[in-house]
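Following: one structure in C-alpha cells, then a few remarks.
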Amino acid sequence: MSIIIHNISKKFGAFTALNNINLNIPTGHLVALLGPSGCGKTTLLRIIAGLETADTGKVEFEGDDYFSPVVYGKRIGFVFQHYALFRHMNVFENVAFGLRVKPRKSRLSKAEIKDRVFSLLRLVQMEHLSDHYPGQLSGGQRQRVALARVLAIEPKVLLLDEPFGALDARVRQELRRWLKKLHDEIHVTSIFVTHDQEEAMEVADQVVVMNEGKIEQVGTPEEVYHKPASGFVYNFLGNVNLFHGRIEHGQIHIGEISMEWPENELVINEDSHEQLKTATVFLRPHLLEIDKSPNYKSSFRAKIKHINAAGSQVKIELVASWGDSIVAEISHERFKELQLKKNMEVYVSFDKQNLFITPGLLT
Amino acid sequence: MPREIIKIPSALGFSNVEEVRHQITKLISAESPQEFILDFAEVESIDTAGVALIDYLNEFAPRFGTEITLTNVSKKISSAMDVFHLKKVFTPEKKEPPGFFEKTGDLFYKLKNSVGDILILLSNITYWSGLSIVRPKLRRKGEVIHQSILIGVNAFPIIALIAFLIGFILALQSAAQLRQFGANIYVADLVAIAMVSEMGPLITAIMVAGRSGSAIAAEIATMVVTEEIDALKVMGIDPAPYLVVPKVMAMSLVMPMLTIFANFIGIIGGMVIAITYLDLDILPFFNEVMSVLRYKELVTSIVKSLTFAFIIAVTAAYFGQKVKGGAEGVGKSTTSAVVFSIFFVIVADSILGLLFYFGETTF
C-alpha cells in the first residue's frame with residue numbers, strides 16, 4: 001500500500017508543527033523520517049496513523065482517501081516509543097489481542113490464533129517468554145513484543161515512532177539490523193521516525209530529512225549524505241565543523257584563510273551591504289588533515305586543546321588561530337607518526353572541494 | 001560548554017541587529033555557556049540599535065547563567081556605547097495583570113472546551129452503553145462483573161464501617177437534644193430519614209469517588225500516558241466502549257446496592273445508641289423506623305445513588321483522558337477527578353434534595 005501525503009499542515013496554538021508537507025511513499029519501502037526533536041516528524045506520523053488530525057491537506061492510501069480522525073478498521077500497525085504494551089496482559093495475550101477483538105465473523109478460531117501468535121513470537125524470538133508480563137521484560141524484549149503485536153493484525157502499513165529511542169546502544173543496533181531483515185522478509189510499507197541519523201542511514205531505503213515543520217530533503221541515504229540539499233542537512237547528518245566566513249570581492253574569508261569564492265553559484269542578497277555578506281562553511285572532521293608544517297592546500301595554524309584516542313579514530317580538538325574551536329579526526333597511524341601532544345601548534349589543511357558552503361549565518 | 005565566542009560583524013546596526021540577536025540568543029539558550037564573549041575586533045560602526053542589543057543581551061543572558069563579555073572594543077565604539085545608553089529598548093513592556101473581565105472571559109473560554117469534551121464523552125458513553133445493553137455481543141466478556149467486584153464488593157467493608165459510624169454519630173448528637181423533651185423514640189425517625197435519603201447515598205458516593213473514581217482516573221490517565229489508548233485506537237478499538245462503558249455500567253449496578261447496604265448499617269449504628277444510651281428496645285426502634293420510611297425515601301436513595309454513580313464514572317473518565325504530561329500528570333488528574341466528582345456529587349445532592357422535597361409538597 002503506497003501512501004501519498006498532500007499539503008499537510010498542522011498548528012498547535014501559535015506553534016507550526018508541520019508546514020505544507022508533500023510526500024510520496026511507494027509500496028514496500030522503508031522510509032525514515034529524520035530530524036531534530038520538535039521538527040514535526042512524530043506529528044506527521046501520528047497524522048498518517050489518524051491519531052491526530054491535520055489542519056489542512058490529506059493522506060491518501062493507495063488512492064483511497066483516508067482522512068478520518070480515528071482509524072478504526074484500518075490495517076495500520078503503529079509501534080510506540082515506549083512500547084505501549086497492555087500491562088495487565090502477558091506477552092501471549094498482548095500479541096493475541098488484535099486478533100481476539102475482531103468481530104466474530106472475521107475472527108480466527110482459538111487454535112489458529114494460538115498458532116499465529118506463536119509463529120510471530122518465534123519471529124521476534126520471544127517464544128520462551130510468552131507467559132511473562134511486560135513488567136518482567138527488558139526494553140528490547142518489550143519492543144519486540146510490541147512489534148509482534150502489531151504484525152499480528154497483518155498491517156498494510158507499519159508506522160514506527162522512534163521505536164528504539166529508549167533502548168541502549170547495543171540493543172538498538174541489534175534491533176535495527178533485525179528490523180531491516182524483517183522488512184526484507186515481509187515487505188510492508190513502513191515509515192519510521194528517528195532523530196538518530198546513523199539509524200536512519202542504516203535501516204531506511206529512503207530518508208526524509210525534516211526541520212522546523214518542513215521537509216529539507218528526500219533521498220536515499222547516499223544521496224542525502226553526499227549531496228545534501230542544505231546546510232541543515234549537512235550539519236544534521238554527521239559531525240561537522242562550522243565556520244562563519246565573510247565574502248569579499250569573490251573571496252571567502254574565514255579567520256586568516258582566504259579562498260576563491262567557488263564560482264558564483266550561491267546567490268547572495270544584493271541589497272545587503274558589501275561588508276555584511278556572510279557565509280557558513282561546513283567541514284566534516286575526518287576531512288581535515290593535520291601537519292606539523294604548512295602545505296600547499298589551504299591551511300591554517302591551530303593549537304591542540306584535547307586529544308581523545310579511544311575509538312576507531314583519534315579525535316583532536318583544536319583552537320584555530322582566530323579563536324574558533326575545531327574537531328579533527330585522524331587515523332591512529334597518522335597520530336603515532338605525528339606524535340601529537342596537548343598544546344602543540346599544528347597546521348590544519350583541507351580540500352576546498354570538500355567544503356560545504358551556504359550563504360548567510362547558520363548556527 | 002564553559003565559554004563561547006562570537007564575532008560581531010563590522011557594522012552592527014539597525015539592518016542586521018535582529019539577525020545577530022537571533023543568532024546569539026539561540027546559542028545562549030541552547031548551550032547556556034558560562035561566559036559569552038562578543039568579539040568587537042572587526043566592528044567599525046555601531047548605532048543605537050546595536051547598543052540596545054548589548055543592553056538586551058545583558059538582561060537576557062543571566063537567565064541562562066551566562067555572563068556577557070565584550071572584547072577588543074575600539075575607543076570609537078566604546079564612546080558610542082557610552083553616548084546611547086538605552087536599557088529599555090528591547091525589554092518587553094510589563095504586561096498588566098489580567099483584569100476582571102479578561103479573567104472571566106478566559107475562564108469561560110477554557111470552560112467552553114471542557115464542556116465540549118464532556119458532551120462528546122457523555123454522548124459516547126450513552127450511545128455505547130445503550131447499544132451494548134441491546135447487543136450483548138458488543139460487551140467485553142466478564143468485564144462488567146470484574147469492575148463490579150473492584151468497585152462494589154471490595155468497597156463493602158469500608159463503606160459498612162463508615163456508614164455505621166455516621167449512623168452512630170447522628171443518633172448520638174440528636175439523642176442529647178431529643179432527650180431533653182423525652183422524645184427519645186424520634187431518634188429512630190431522624191436516623192432513618194437522614195440515613196436513607198441523605199447520608200447513605202452521599203457517604204457511599206464520597207467513598208466510591210475516593211476509592212474507585214481515583215482508580216478509574218488513574219487507570220485511564222496511565223493508559224493515555226503510556227500510549228496504550230493510542231495503541232487501542234490504531235488497532236481499531238474505540239476506547240470509550242472498551243474501557244469506559246464497562247466501568248459506568250458496573251458503577252451504576254453496584255452503587256445502589258452499596259447505598260442500600262450503607263442505609264441499613266447506618267440505621268443499625270443509630271440503633272446501638274438508641275439501645276445503650278436512650279434505653280429503647282430493638283422492637284420499638286425497628287417499628288418506628290419502618291413506619292417512618294416510605295417509598296419516597298427509598299426512591300430518593302436509589303435515584304441519588306444512580307446519579308452519583310454516573311457522575312463519578314464520567315468525571316473520572318473525563319479527567320483520566322484529559323491527562324497532560326507524564327507520571328506527574330497522572331497524579332494531578334487523579335486528584336482533580338476525586339475533587340470534582342465529590343463537588344459534583346454534592347451539587348447534585350442538593351438539587352435532588354430540593355426536587356424531592358418540593359416535589360412532594362406540590363404534588
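Using a 1.4 Å probe on protein heavy atoms only, how many Å² of accessible area do B and A hide from each other, summed over both chains and rounded to 100?
2500
Leaving ligands and nucleic acids out of the surface, order A:12, A:118 by accessible area at 1.4 Å, largest first.
The ordering from most to least exposed comes out as A:12, A:118.
Protein chains only, probe 1.4 Å: how do A:15, A:80 rank by accessible area, largest first?
A:15, A:80
Tell me the accessible surface of residue A:128 in square angstrom (1.4 angstrom probe, heavy atoms of protein chains only), to the nearest ten.
Only protein atoms counted, so the area is about 130 Å².
Check which residues have an amide H placed less than 5 Å from residue A:79's amide H, if you skip close sequence neighbours.
Answer set, sorted by chain and number: A:159, A:160, A:161.
Express the accessible area of chain B per residue in Å², computed with a 1.4 Å probe while the remaining protein chains stay in the model.
Spelled out: the 1.4 Å probe surface of chain B, per residue, equals 53 Å².
Within chain A, what whole-number % of the accessible surface is contributed by carbon and sulfur, with the 1.4 Å probe and all protein chains included in the calculation?
For chain A, the apolar C and S fraction of the accessible surface comes to 48 percent.
Modelling each spin label as a point 7 Å along the Cα-to-Cβ direction, I'd like the residue A:114/residue B:31 distance in nm, to one decimal.
For the pair residue A:114/residue B:31, the computed spacing is 6.2 nm.
Give the Rg/Rh ratio for region A:49-194, taking Rg as the radius of gyration of the Cα atoms and Rh as the Kirkwood radius, to two decimals.
That ratio is 0.97, to two decimals.
Sequence neighbours fewer than 8 away in the same chain don't count; with that in mind, list the lysines whose C-alpha is under 24 Å from residue A:110.
Partners found: A:74, A:102, A:156, B:137, B:141, B:233.
Determine the equivalent ellipsoid of chain A by diagonalising the alpha-carbon gyration tensor, then write out the semi-axes as square roots of 5 times the eigenvalues, largest first, rounded to whole Å.
With the √(5λ) rule applied to chain A, the semi-axes are 48, 26, 15 Å.
May I ask for the Kirkwood hydrodynamic radius of region A:125-228, worked out over all distinct Cα pairs and given in angstroms to one decimal?
After inverting the mean inverse Cα-Cα distance, the result is 15.0 Å.
Could you sort A:130-139, A:310-319 so that the peptide with the highest average Cβ count within 10 Å comes first and the rest follow in order?
Those peptides, ordered most packed to least, come out A:310-319, A:130-139.
Round to the nearest 10 and report in Å² the accessible area of residue B:112, as given by a 1.4 Å probe over the protein chains' heavy atoms.
About 110 Å², ignoring ligands and nucleic acids.
Return a whole-number percent for the relative contact order of chain B, with Cα pairs under 8 Å and 6 or more residues apart as the contact set.
Normalised by residue count, the contact order of chain B is 18 percent.
Normalised by the number of residues in chain A, what is the relative contact order in percent for Cα pairs under 8 Å and 6+ residues apart?
After rounding, I find 16 percent.
Any chance you could run the full-extension gain for residue B:185 through residue B:135? It's 0.36 nm times the residue separation minus the Cα-Cα distance, nm to one decimal.
Roughly 12.9 nm would be gained on extension.
Given the protein chains as shown and a 1.4 Å probe, how many square angstrom of residue B:257 are accessible, to the nearest 10?
Per-residue accessible area (residue B:257): approximately 110 Å².
Quick one, can you get me the convex hull of the C-alpha atoms of region B:3-84 expressed as volume per residue in Å³?
Cα-based convex hull of region B:3-84, divided per residue, equals 72 Å³.
Amide H to amide H under 5 Å from residue A:2: which residues, 5+ apart in sequence or cross-chain, H placed 1.01 Å off N in plane?
A:27, A:62
Could I get the Rg over Rh figure for chain B? Both from C-alpha atoms, Rh via Kirkwood, rounded to two places.
1.28
Based on the Cβ-Cβ distance of residue A:185 and residue B:64, what FRET efficiency does E = 1/(1 + (r/R0)^6) give at R0 = 56 Å, to the nearest 0.05?
0.70
Volume per residue, Å³, of the convex hull around the alpha-carbon atoms of the protein assembly as shown?
253
I'd like the projected area of region B:317-361, averaged over all directions, using the convex hull of its alpha carbons. Report it in nm² with one decimal.
3.2
Give the ranking of A:142, B:135 by solvent-accessible surface, highest area first, calculated with a 1.4 Å probe.
B:135, A:142
Regarding region B:259-355, what is the average projected area of its C-alpha convex hull, in nm²?
So the Cα hull casts an average projection of 8.4 nm².
The values are calculated or read from the model by the stated rules, or taken from the named source; none is laboratory data. Only a predicted model underlies this, so the values are computations on that prediction, with no experimental measurement involved. Note that we place each Cβ from the backbone using ideal geometry, even for glycine, and neighbour counts take in every protein chain shown. Heavy atoms of the whole protein, side chains included, go into the accessibility calculation; ligands, DNA and RNA do not. Shrake-Rupley method; radii C 1.70, N 1.55, O 1.52, S 1.80 Å.
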